[in-house]
Amino acid sequence: MAGTDAQTVYADLRGQILSGDLPPGTPLREIALAERFGVSRTPVREALRRLQQDRLLAPGVRGMQVRSIEPHEVVQVYDMRVLLEAEAAGQAAHSRGDADLMRLEGLLARDRDLVDPDDATRTRTNLEFHSAIWQATHNPVLLDLMDRLSIHLVHAPRSTLSVGDRWATALDEHAQLVAAVRERDERAAREIAGRHMSTAREIRLALLREAAATPGP
């Protein structure tokens, strides 16, 4: 029972961190979490330990807190994402099934219907779309790598999708990617995904430079 409780707590907290509902710096206290989930402190402690192993939590002043990602780490992760997202897109175009395509088309339609979504919603839905691309590769090794890389970016301060008209442009790029996957055009899928992530990288670098130039309180 304790193992099941720990998994439930872990999955719930992980989802909140990845969606941005628990932003960097948010403290996570064992007693408060045990009361919230209606469990003992043992499964909470196990869940927090796993989240720390995922590098989503770090020691705080009193207990654990949601970890902030360092600028150099952001750049390193984006560099890898550019390469791996392109590879994933190519493999998805080659290996996707009808169910994969239906899911991608459904997620794209859902995101098109969103009206001025907030930053957390854009982050969550974007991750779900990219995850569907990874799933369509049917490559468990690549899927594991992408999932681990995504953890390090989704809780970076402010989504690149909330800069200017990037949200609308990104959805257009998603549509182009879905079309390439539908046509099983591996080369086009790789090129579209590579450009898509390269643009996100440039926006993120601009945000990092802007933050570095802003005087602290």
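The values are calculated or read from the model by the stated rules, or taken from the named source; none is laboratory data. Every value quoted in this text rests on a predicted model; they were computed, and no experiment measured them. Note that each Cβ is placed from the backbone with ideal geometry, even for glycine, and that neighbours are counted across all protein chains shown. Heads up: the accessible areas ignore ligands, DNA and RNA and are worked out on the full protein's heavy atoms, side chains in. Shrake-Rupley method; radii C 1.70, N 1.55, O 1.52, S 1.80 Å.
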Surface accessible to a 1.4 Å probe, E173 within the full protein complex, Å²: 40 Å²
Vicinal HN-Hα couplings computed from phi for region 14-25 (Karplus, 6.51 cos²θ - 1.76 cosθ + 1.60; Hz; Gly/Pro x): 4, x, 5, 5, 5, 7, x, 5, 10, x, x, x
Estimated vicinal HN-Hα couplings, Hz - region 141-149 in sequence order (Karplus 6.51, -1.76, 1.60; Gly, Pro = x): 5, 5, 4, 5, 4, 5, 5, 5, 5
Listed residues M80, M146 arranged by accessible area, highest first, probe 1.4 Å: M80, M146
Sites A58 and D165 - FRET efficiency at Förster radius 45 Å, r taken between beta-carbons, to 0.05: 0.85
Solvent-accessible surface ranking, highest first, for T26, T137 at 1.4 angstrom: T26, T137
Accessible area per residue, Å², the chain with all protein chains present, probe 1.4 Å: 51 Å²
Options A47, H196, Q16, ranked by Cα towards positive dipole end of the chain, top entry (Cβ charges): A47
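What is the percent carbon and sulfur in the accessible area of region 95-202, measuring with a 1.4 Å probe over the protein chains and ignoring ligands?
Looking at region 95-202 in its full context, I get 52 percent from C and S.
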Charge dipole magnitude, Cβ of K and R +1, D and E -1 - the chain, Cα centre, debye nearest 20: 640 debye
Estimated vicinal HN-Hα couplings, Hz - region 119-136 in sequence order (Karplus 6.51, -1.76, 1.60; Gly, Pro = x): 4, 5, 5, 4, 4, 5, 5, 5, 5, 5, 5, 5, 4, 5, 4, 4, 4, 5
List E35, E191, E85, ordered by accessible area with a 1.4 Å probe, largest first: E35, E191, E85
Helix-only CD estimate at 222 nm, as mean residue ellipticity for the chain, using -39500 (n - 2.57) per DSSP H run (n ≥ 4): -24500 deg cm²/dmol
Net dipole in debye of region 94-165 [+1 Lys, Arg Cβ; -1 Asp, Glu Cβ; about Cα centre; nearest 20]: 160 debye
Amide H partners (placed H, <5 Å) of L57, local residues excluded: Q52, R67
Of A58, G106, I31, farthest towards positive along the dipole that unit charges on Lys, Arg, Asp, Glu beta carbons give region 1-124: I31
Dipole magnitude (debye, nearest 20) for region 1-107, charges at Cβ of Lys, Arg, Asp, Glu: 540 debye
Options S68, H94, T137, ranked by Cα towards positive dipole end of the chain, top entry (Cβ charges): S68
